[in-house]
Amino acid sequence: MSQSVSAAAPAAASEQTTTISPGQSQSLGLARGCLALLPPDPAWTGLAQATLLRLRQILGDHVLEIQHVGSTAIWGIRAKPILDFVVGVQALNDIKPLVPALQAQGFIPRPWPQDQRQLFFACGDYSQPRGLQTHFIHVVVRYSDEWRQYVDFRDYLNARPSQAQAYEALKLSLAQRFSQDPDRSRYLAGKSQFIQQILRRAALWRWLGQQVTVTVDRPAGTYHPEHPGLYYPLNYGYLPGQPGGDGEALDAYVLGPTQPLEQVCGRVIAGIYRHDDQEDKLVVLATDPGGCDRLPGAEAAALAPADPVWTPEAILSAVSFQERYFDGEIIC
């Protein structure tokens, strides 16, 4: 992770009134301290693209990628009329010399108390307590946890309309309850648990279809080292270097081969989200070992059974020897 840099605004910045061109939509902008959720406005997409271009012009080669995120980037749901962007950079220090140029173009540096691993800029009127805000810019290291959370949250809800609608319903309920919330703090706190649940689901969903290497530490035909009654009918292991919810490596069930193995290459076909535990799991369908330990031809053939049909029900049945002790759901 890059060195942290403070993005707190200079004293003069708090007295600025700024706007951003090209022209604003009438439904863009929300007074500070106010809470309103508006129907999606087609104009937001065009304004977001214009902002992306403007940021690229200012940041030049220092920016690796910019994406429109937040609720205005989630299809079909109501949102606060403020555009959010995540700007991916190599290191936060790369942006520090460009703060004056950003500020001159209406991107005002603001404090971000939640996390020192990002720089935060906003567009709007900061000359009065209830000035209008139109844009929030989050500068983070590209592919960091912060980057993935912004992007994964948007992508997962766009891929799961029912979850997006549940998010909208929660926001509407909270907005009604806390309509007089002066700084939106209770509204934001009310969303926190749902957001964390979605981020966990999205982290599993992001793995779907990826080729991975599983290091097997509980081979098929063995028992759990601490629970002798728990028998493993399939290979079970972890992805080295990929953290799981318990702070250790991300665990994975391996479907396909029934003989004990030390290492398996395969494709992620599902995730298991546990409602009552933080240790979510991947489910990997073994394929040609490829870059893994070169297995004999007979074993390699066993890794890819012809036409396997792994429905969610079949997956749950295959892993039930361990998952029956938890309240989980299949993400696929």
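The values are calculated or read from the model by the stated rules, or taken from the named source; none is laboratory data. Being a predicted model, the structure only gives us computed values, none of them experimental. Don't worry about glycine lacking a Cβ; one is built from the backbone with ideal geometry, like all the others, and counts go over all protein chains shown.
Here are the numbers for the structure shown:
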item	result
Whichever residue in segment 112-147 is buried (at least 18 other Cβ atoms within 10 Å of the Cβ) and assigned to a helix (DSSP H, G or I) and, among such residues, is modelled with the highest pLDDT	TRP147
Criterion violated by GLN116 - all others in (1) in contact (Cβ under 8 Å) with a residue 40 or more places away in the chain; (2) in contact with a helix residue (DSSP H, G or I) (Cβ under 8 Å, 6 or more places away or on another chain) satisfied	(2)
Among the residues listed as LEU174, LEU157, the single one being of a type in the set (A, V, I, L, M) and over 18 Å from TRP75 (Cα atoms)	LEU174
Unique match (being within 21 Å of ALA314 (Cα to Cα) and surrounded by fewer than 20 Cβ atoms within 10 Å (Cβ to Cβ)) among PRO257, PRO233	PRO233
Whichever residue in segment 67-105 is in a loop (DSSP other than H, G, I, E, B) and touching a Gly at 6+ places or on another chain (Cβ under 9 Å) and, among such residues, is surrounded by the fewest Cβ atoms within 10 Å (Cβ to Cβ)	ILE82
Some residue of segment 209-226 being in contact with a helix residue (DSSP H, G or I) (Cβ under 8 Å, 6 or more places away or on another chain), crowded, with 16+ Cβ neighbours inside 10 Å and of a type in the set (D, E, K, R)	no
Scope segment 171-193; condition surrounded by 12 or more Cβ atoms within 10 Å (Cβ to Cβ), within 19 Å of the chain's Cα centre (by Cα) and of a type outside the set (Lys, Arg); matching residues	LEU188, ALA189, GLY190
Set ASP125, ASP84: member being closer than 22 Å to LEU35 by Cβ, assigned by TED's automatic domain parsing to the domain that holds LEU59 and touching a His at 6+ places or on another chain (Cβ under 9 Å)	ASP84
In segment 150-163, the residues that are in a helix (DSSP H, G or I) and farther than 18 Å from LEU83 by Cβ	ASP152, TYR156, ALA159, PRO161, SER162, GLN163
GLY241 on the phi > 0 side of the Ramachandran plot and in a strand (DSSP E or B)	yes
Residue within segment 178-185 that is more than 22 Å from TRP205 (Cβ to Cβ), in a helix (DSSP H, G or I) and out of contact with any helix residue (DSSP H, G or I) (no Cβ under 8 Å at 6 or more places or on another chain) present	yes
Matching entry among ALA220, ALA270 (being part of a strand (DSSP E or B), in contact with a strand residue (DSSP E or B) (Cβ under 6 Å, 6 or more places away or on another chain) and of a type outside the set (Val, Ile, Thr))	ALA270
Extreme residue, modelled with the lowest pLDDT, among residues of segment 35-66 that are buried (at least 16 other Cβ atoms within 10 Å of the Cβ) and assigned to a loop (DSSP other than H, G, I, E, B)	LEU35
